[in-house]
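Asks: My questions will all concern the structure given below.
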Amino acid sequence: MAGQVERLRHLISANQSLAEIESLPVLLDRLLELAQEVTAAEAASVLLWEPERELLSFAHARNSVLGESASDLLLRRITLRLGEGVAGWVAKERASLIVREAHSDRRFSGTADRSTGFVTRCLLCVPVLYGEELLGVLQVLNATGRDCFDAADQELLESFANLAAVAIVRSKLLEERLAQQRLHTQLETAARIQTHFWPRLPDPGHGSRLWAVSQPAAFVGGDLYDCIPLPDGSLLLYVADVAGKGLPASLVMAALWSRIRAESQAHASLGGLLGAVNEALVELLDGDMFATAVIGRYHPATGRLAFASAGHLPPLWLRGGNLLHSPATRGLPLGIVAGLSYEAQEIALEPGDAVLFITDGVTEARSRDGGFLDDAGVERVLRGVSTRPCGPVLAAAVADWQAGVPAADDMTIFEIWRETD
Amino acid sequence: MGKTAGSGKYGMELDGDVLRITGELDYTVSQEARVALRELLDSGSGPLAVDLGGLAYMDSSGLGVLLDMRKFLGAKGRTMSISKVTPHVSKVFEVTQVGKLFGL
């Protein structure tokens, strides 16, 4: 009766430890201490299963006879394969075992004894399981004051093993959550940095104005827009879309941004500029990723806009509330094939006209039922809109269209318009 | 009936020198589709005909999968041409002008 009370007291204490101690090493050590005490064992240890290495290794060990030096040796030196030694047998069979005469039992390996100098007479070993998953084994060695451990000890040690299993799984979950939090923080930082790529839009003068918005589907994205004032008073402006999204696309986006800035003043024609950027991307990415882009050179004094496209959606040209057809351009996306040439076209914006460069996050916005906004939807939204800028109307329509559904793609709108005289 | 690959979202079936890709090829499956295609096309020789008549949707990542396949086959001295495209996929080829790389 006294023994039962003692066991219960230890089990309650172990339960309390599980609730109070968050650190897995401290908790496992406390469980071992309680297990050793209640079973009156000379030594106790826990071995954890490492699925990647397919090995059992000592995580914690206590030895009242030899002290810490023996535990240190076990922790540093000894590992067991599945089926090797008593611990390996228990792990393999997922069954508890009491060995009364260790040295005459064929399952006993003796490797640990030879390493530490400890003499194992008898032992009790139980598996640490979480459902069907093997996490390790828990063992107590050499019962003091009696021949060996008994069924009551086994039942108690199995209870301790259950507590250890909960502690191990809880610790793994906590680690995963921490790793996720770290990743989340990095992504938030990356998202903040990416906003620095968006240019401060200049006032082009001569009654011309600019407006832009870019929204990544994830924290960071592969959409990009930029506006670079050139020495002759014109503006180089573009929208680009790197295939894919998230971090990989944003890395390519940063490379593209810097390359276009570097090449922006080195070419007389837009075609030459796109050709040079294409060469650089082919060399950098070796055809693994690509980007589409539409790039324009705008002269505010005259309203002339030359533009060229690398596999990108054509510009939307609005006069009053009507959509005009901008001339077609020719050119593959950037980064696929070397040695390409790109051609430019030119249009003239009249006062009140607007031109929108957009990415396919606009046309391919998907509603809850899976339908795309599409070119027809964009036309429907913009037709009759004579206010400027009209980009905000389009952005709001995209948001409405995909209300309640996470955006599948990055979305960018860059608008240039001339005020009415 | 030839070799097949794919997940719930998309399917691939190689029958001799004809490859059929069906369903939706987008960002969420692009990486596994790249790997699956390379495995599927590891053996074989000569021109490959790609039938996209059952491919309802493809985004830029899906287009990247086809470009990767073209590069993979090119390294083996093989060519590929695409036939039978759905309206949506046809538009992607038209806007990006990449269709001409696949004989469209």
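Asks: Can you work out the PRE-style zone for A:His325? Point 7 Å along Cα to Cβ, and I want the residues of the stretch A:344-366 with backbone N under 18 Å.
Replies: Only A:345-348 pass the distance filter.
Asks: How large is the direction-averaged shadow of the alpha-carbon convex hull of chain B, in nm²?
Replies: Answer in nm², one decimal: 5.6.
Asks: Fewest first, what order do A:Ser341, A:Ser264 take by the number of other Cβ atoms within 10 Å?
Replies: Fewest-to-most ranking of A:Ser341, A:Ser264: A:Ser341, A:Ser264.
Asks: Give me, ordered by chain and number, the residues 5 or more places off A:Tyr342 or on other chains with an amide H under 5 Å from its own placed amide H.
Replies: Answer set, sorted by chain and number: A:Gly275.
Asks: By how many degrees, 0 to 90 and rounded to 10, does the Cα axis of helix A:24-38 deviate from the longest principal axis of chain A?
Replies: Approximately 20 degrees, to the nearest 10.
Asks: Here is a further query. Per-residue mean of other chain beta-carbon atoms within 10 angstrom of the beta-carbon, peptide B:59-72?
Replies: 5
Asks: About its Cα centre, what dipole magnitude does the protein assembly as shown give when the only charges are +1 on Lys and Arg Cβ and -1 on Asp and Glu Cβ, stated in debye to the nearest 20?
Replies: 420 debye
Asks: Follow-up. How much length would be gained if the chain were fully extended between B:His88 and B:Thr28, taking 0.36 nm per residue of separation minus their Cα-Cα distance, in nm to one decimal?
Replies: 19.8 nm
Asks: Quick one: if the Förster radius is 60 Å, what FRET efficiency do A:Ala376 and A:Ser23 give, using the C-beta to C-beta distance and rounding to 0.05?
Replies: Rounded to the nearest 0.05, the efficiency is 0.50.
Asks: With unit charges on the beta carbon (Lys/Arg positive, Asp/Glu negative), name the residue among A:Thr189, A:Leu27, A:Val282 whose Cα is farthest towards the positive pole of the charge dipole of chain A.
Replies: Projecting each Cα onto the dipole axis, the largest value belongs to A:Leu27.
Asks: Right, something else. Placing +1 on the Cβ of each Lys and Arg and -1 on the Cβ of each Asp and Glu in the stretch A:144-291, which of A:Leu157, A:Ser208, A:Leu247 has its Cα farthest towards the positive end of the resulting dipole?
Replies: The Cα lying farthest towards the positive end belongs to A:Ser208.
Asks: For chain A, which longest stretch is free of loop sites, where a loop site is one of the GluC sites (Glu not before Pro) that DSSP puts outside H, G, I, E and B and that has at most 13 other Cβ atoms within 10 Å?
Replies: A:133-418
Asks: Under the Kirkwood approximation for Rh and a Cα-based Rg, what ratio Rg/Rh is obtained for chain A?
Replies: 1.31
Asks: Also: Treating only the Cβ atoms of Lys and Arg (+1) and Asp and Glu (-1) as charged, compute the dipole magnitude of the stretch A:191-418 about its Cα centre; round to the nearest 20 debye.
Replies: With only Lys, Arg, Asp and Glu charged at Cβ, the dipole is about 580 debye.
Asks: Also: Sorting A:Asp232, A:Asp409, B:Asp26 on the 10 Å Cβ count, fewest up front, what's the list?
Replies: So the ranking, lowest neighbour count to highest, is A:Asp232, B:Asp26, A:Asp409.
Asks: Per residue of the stretch A:187-195, in order, report the coupling 6.51 cos²θ - 1.76 cosθ + 1.60 (Karplus, θ = phi - 60°) as ³J(HN,Hα) in whole Hz, putting x for Gly and Pro.
Replies: The phi angles translate into 5, 4, 5, 4, 5, 5, 5, 4, 5 Hz.
Asks: Please express the Cα-Cα pair-distance distribution P(r) of the stretch A:319-421 as a list of whole percents, one per 10 Å bin, running from 0 to the bin with the greatest distance.
Replies: Bins of 10 Å from zero give 13, 38, 32, 16, 1 percent of pairs.
Asks: Output wanted: per-residue J couplings in Hz (rounded whole) for the stretch A:264-269, from phi through Karplus 6.51 cos²θ - 1.76 cosθ + 1.60, θ = phi - 60°, x for Gly and Pro.
Replies: Those phi angles translate into 4, 9, 8, 10, 6, 10 Hz.
Asks: If you don't mind, another one. Please arrange B:Lys100, A:Lys245, A:Lys172, B:Lys91 by counting, for each residue, the other beta carbons lying within 10 Å of its beta carbon, fewest first.
Replies: Ascending number of Cβ neighbours within 10 Å: B:Lys100, A:Lys172, B:Lys91, A:Lys245.
Asks: Classify the stretch A:191-418 as rounded, prolate or oblate from the Cα gyration tensor: take a ≥ b ≥ c as the square roots of its eigenvalues, call it rounded if a/c is under 1.5, otherwise prolate when a/b beats b/c and oblate if not.
Replies: In terms of gyration-tensor shape, oblate.
We did not get these values from a lab; they are worked out from the coordinates using the rules stated. Being a predicted model, the structure only gives us computed values, none of them experimental. Cβ: placed from backbone, ideal geometry, glycine included. Neighbour counts: every protein chain shown.
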